[in-house]
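Here, each number is a calculation from the coordinates, and none is a lab measurement. In this text, all values refer to a predicted model and were calculated from it rather than measured experimentally. Because the Cβ atoms are built from the backbone with ideal geometry, glycine has one as well, and the counts that use them run over all protein chains shown.
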Amino acid sequence: MLRFPTTTVKASASGLMLWYQTLLPTLLPFTILANILISSGYFLYLGGFFYRFLHFVYPINQTTVFPLVAGLLFGFPLGSKITADLIKQQELSVEEGNILICISNSFSPAFISSYFIKNSLEAPKLTFLCFFILYLPPLVFGYFKLHTCKNGSLLSSQTKKTASRFQLNFKIIDTGILNGFETLTKLGGYIMLFSILAAFIMKFPIKNPVLKVLSIGVLEATTGIHAATFLPSFPVKFCIMILFTAFGGLSGVAQTASMIKETKLSLRYYVTHKLLFAGISTLLAGLITYLY
């Protein structure tokens, strides 16, 4: 950093601008809302609403449905944070939590459709196909794994919660807001640090452009997706972007570790399955580009 101060400052600014312009406005409101819903207990009402429609097609219960749906809709890393918060409140078992963070701790549909498909890949016609490739492996995995603990939820063994369980006051709202800013500040720090590392890799004398892009994307997914836009071959570009989006990069692993550090959730279990899903999604992308 002292040897290349200009590179460090530019990379730091780039990472922080990505955080400020993309992640902060999209994740902060949902983070605050999730904190309030969990602390007040009203997540059970919301989960019950979705449970009525989804339990026919997916092996969920009234506790697992909220982190599953909220994680998928709100996006990474809220899937892991919501799951960790529910485990701390003894609403979920660790077994359920390990499965849920593998399913729901992914980039949100909004991020995929805007940053990945529209801005980087520039192929809006492939939106549905990309959703299918990215979400199918974890959802299929979750379908079979959640069957094994469907009846093992802590909620199912508890007596019916009383009305006093549900409360909403300004203290809960204040705590939710502060916790939301704390979470997003951590994410900004991780993105900045890994953006600097990615910028240093760009200086390495790697002649193969694909190898250089892979080195960047393994560190930080969003930076890697942007770097992949300059590759000339669309099939190669498409497969590499799918790989980065499905895995999330080492920056994503570090952010997830920060979210679950106060629980017994297994980071090794999470990383192993994320790599597996990323490999399957990349193979699907390669097969589809080969056929068409």
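Here are some notes:
- You can think of it this way: the chain between Tyr290 and Leu54 has 81.5 nm of extra reach, that is 0.36 nm per residue less the Cα-Cα gap.
- Expected-Rg normalisation [2.2 N^0.38 Å, Cα atoms] applied to the stretch 227-286: 1.32
- Computed over every Cα-Cα pair of the stretch 32-78 and binned at 10 Å starting from 0, the pair-distance distribution P(r) comes out as 28, 56, 16, 0 percent.
- Over all Cα atoms in the stretch 62-104, the spread is summed up by Rg and Dmax: 8.7, 23 Å.
- The coefficient of translational diffusion for the stretch 1-132, derived via Stokes-Einstein from the alpha carbon Kirkwood radius under 20 °C and 1.002 mPa s, stands at 130 µm²/s.
- With semi-axes defined as the square roots of five times the eigenvalues of the C-alpha gyration tensor, the equivalent ellipsoid of the stretch 1-67 measures 41, 13, 9 Å, largest first.
- Crossing angle, helix 65-74 versus the chain [Cα axis fit, 0-90 degrees, rounded to tens]: 30
- For q = 0.13, 0.19, 0.25, 0.28 Å⁻¹, Debye-computed log10 I/I(0) when each Cα of the stretch 92-144 counts as one equal scatterer: -0.38, -0.67, -0.91, -1.03
- Under the Debye formula (equal points on every Cα, no solvent term), log10 I(q)/I(0) of the chain at q = 0.08, 0.11 Å⁻¹: -0.35, -0.66
- Rounded to the nearest 10 degrees, the angle from helix 94-104 to the longest Cα principal axis of the chain is 50 degrees.
- For Asn179, net neighbour charge (Lys/Arg +1, Asp/Glu -1) across residues whose Cβ lies under 14 Å away: 0
- Alpha-carbon centroid distance for the pair the stretch 67-84 / the stretch 195-225, whole angstrom: 28
- Cβ crowding within 10 Å, taken as a proxy for footprinting-reagent exposure, orders Met202, Met241, Met17, Met192 from fewest neighbours to most as Met17, Met202, Met192, Met241.
- Computed from Cα positions, the angle between helix 267-291 and the longest principal axis of the chain comes to roughly 60 degrees.
- Total lysine pairs whose alpha carbons fall under 20 Å of each other in the stretch 182-268 (8 or more apart, or interchain): 4
- Convex hull per residue volume in Å³, alpha carbons only, for the stretch 173-257: 90
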